[in-house]
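Below is one structure, written out as structure tokens; the observations come after it.
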Amino acid sequence: MFRVAMAALLACTACRSHGAELDSTFDVGSLRLHLVCSGEGSPPVVFDSGLGSDATAWASVEPAVARFTRTCAYDRAGMGSSKPAPRPHENVAMAEELRGLLAAAGVPGPYVLVGHSMGGLNAQLFAKAHPADVAAMVLVDSMTSAQVTRYWALLPDDKLRELRAGVAKLPENTDFDALLRGLDAAKPSGVTPSAKPLVILTRSKEDAFPGASSETAAKMLDGWQKSQDELSSLSTNHAARIVADAHHPIQNDAPDVVVAAIREAWDAARTGRAVNVGALPAR
């Protein structure tokens, strides 16, 4: 979750027109954010990466998706070729910044939002604030508010301190308390759930902290997987799968499953049908 993809994408001057290759930076409020887009089609698929990662986190998935629709991935503030944001950088602000970036780049919605880990949290906040701008979502081992009690609560005190310190050191200029506020803001609000397509992918392998017993690792994996149940309440039109042989970065371990999930959500959004978990390849 906290690995930083160090390779930055090179910014260049690019055409904003629909379907054209785009690799550029844009002013979004006081920030300057980097966006890359390719392919053509609608609705466009927009990727948001995990904490400490930039747009290159989707390198194993994005080219395949760009064969059937427009794709866009970006570097959050402080990552890759994007300038840093003031501390503390809040998740609610990140969601708004992504919306502003897409508008500045001339990428029209509604969007299929694809979010990994913290990017999934940001996608939830985006959809909660701007439901009309979202056609569908694919949440890839996404953060949820339930993980606070089901997953992080299983960490020993020293490991929780390490986690807090690790988040604070990232160039994203966020901190653990800001992340907790973001998770709290994403809690299901009791409103009628959406009927828009939602696909939830969850890991089957746990990378527990060094020295963790197999029993602790099993408890942590179980807690994480149960925290994902919260996500199904976001839409009445959802499908969920635990992806075999996949660790937290599912897009690296099982890119075929992630691409299939995106295509399923995208096609369901275009046709108005229910999502079908059977469309995802068995592994």
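The values are calculated or read from the model by the stated rules, or taken from the named source; none is laboratory data. Just so we're clear, the structure is a prediction, and the values are computed from it rather than from any experiment. Virtual Cβ from ideal backbone geometry, glycine too; neighbours counted across all protein chains shown. Areas reflect the complete protein model, heavy atoms only, side chains present, ligands, DNA and RNA absent. Shrake-Rupley method; radii C 1.70, N 1.55, O 1.52, S 1.80 Å.
Considering only the stretch 59-103, state which residues are of a type in the set (Lys, Arg), modelled with pLDDT of 95 or more and in a loop (DSSP other than H, G, I, E, B).
Of the stretch 59-103, the ones of a type in the set (Lys, Arg) are 67, 70, 76, 83, 87, 99.
Keeping just the survivors that are modelled with pLDDT of 95 or more gives 67, 70, 76, 83, 99.
Matches in the stretch 59-103: Arg67, Arg70, Arg76, Lys83.
Need the failing condition index for Met143 against (1) farther than 30 Å from Asn237 by Cβ; (2) outside any helix (DSSP H, G or I); (3) open to solvent by less than 10 Å² (accessible area, probe 1.4 Å), just the number.
(1)
Please pick out the residue among Val92, Val112, Val61 that is open to solvent by 10 Å² or more (accessible area, probe 1.4 Å), of a type in the set (Val, Ile, Thr) and either closer than 21 Å to Arg263 by Cα or touching a residue at least 60 places away in the same chain (Cβ under 8 Å) (or both). Don't jump to the end; show me each part of the working.
On the way: Val112 fails: open to solvent by 10 Å² or more (accessible area, probe 1.4 Å); Val61 fails: open to solvent by 10 Å² or more (accessible area, probe 1.4 Å).
Within the list Val92, Val112, Val61, the selection yields Val92.
For the stretch 242-256, which residues satisfy the criterion of being assigned to a helix (DSSP H, G or I) and surrounded by fewer than 23 Cβ atoms within 10 Å (Cβ to Cβ)? Spell out how you get there, then give the answer.
Start the filter on the stretch 242-256 by keeping residues that are assigned to a helix (DSSP H, G or I), which leaves 250-253, 255-256.
If the condition is that a residue be assigned to a helix (DSSP H, G or I) and surrounded by fewer than 23 Cβ atoms within 10 Å (Cβ to Cβ), then Asn252, Asp253, Pro255, Asp256 are the ones that fit.
When you check Glu230 against the structure, is it open to solvent by less than 60 Å² (accessible area, probe 1.4 Å), part of a helix (DSSP H, G or I) and touching a residue at least 60 places away in the same chain (Cβ under 8 Å), yes or no?
yes
In the stretch 213-227, which residue that is open to solvent by less than 70 Å² (accessible area, probe 1.4 Å) and in contact (Cβ under 8 Å) with a residue 60 or more places away in the chain is farthest from Lys128 (Cα to Cα)? Before the answer, list the steps.
Narrowing the stretch 213-227 to residues open to solvent by less than 70 Å² (accessible area, probe 1.4 Å): 213, 216-218, 220-225, 227.
After this cut, where a residue has to be in contact (Cβ under 8 Å) with a residue 60 or more places away in the chain as well, the list is 216, 220, 223-224, 227.
On the way: Thr216: 34, Met220: 28, Gly223: 25, Trp224: 22, Ser227: 19 Å.
Going through the qualifying residues, I end up with Thr216.
Scanning for something of a type in the set (Phe, Trp, Tyr) and not in a helix (DSSP H, G or I), does the stretch 208-225 turn up at least one residue?
yes
Just to be sure, is Ala195 closer than 26 Å to Val45 by Cβ, in contact (Cβ under 8 Å) with a residue 40 or more places away in the chain, hydrophobic (A, V, I, L, M, F, W, C) and open to solvent by 40 Å² or more (accessible area, probe 1.4 Å)? Walk me through how you get there before you give the answer.
On the way: closer than 26 Å to Val45 by Cβ: yes; in contact (Cβ under 8 Å) with a residue 40 or more places away in the chain: yes; hydrophobic (A, V, I, L, M, F, W, C): yes; open to solvent by 40 Å² or more (accessible area, probe 1.4 Å): yes.
So Ala195 fits the description; yes.
Within the stretch 147-162, track down each residue that is open to solvent by less than 20 Å² (accessible area, probe 1.4 Å) and either in contact (Cβ under 8 Å) with a residue 40 or more places away in the chain or acidic (Asp, Glu) (or both).
Initially, the stretch 147-162 is screened for residues open to solvent by less than 20 Å² (accessible area, probe 1.4 Å), giving 147, 152.
Correct list: Gln147 only.
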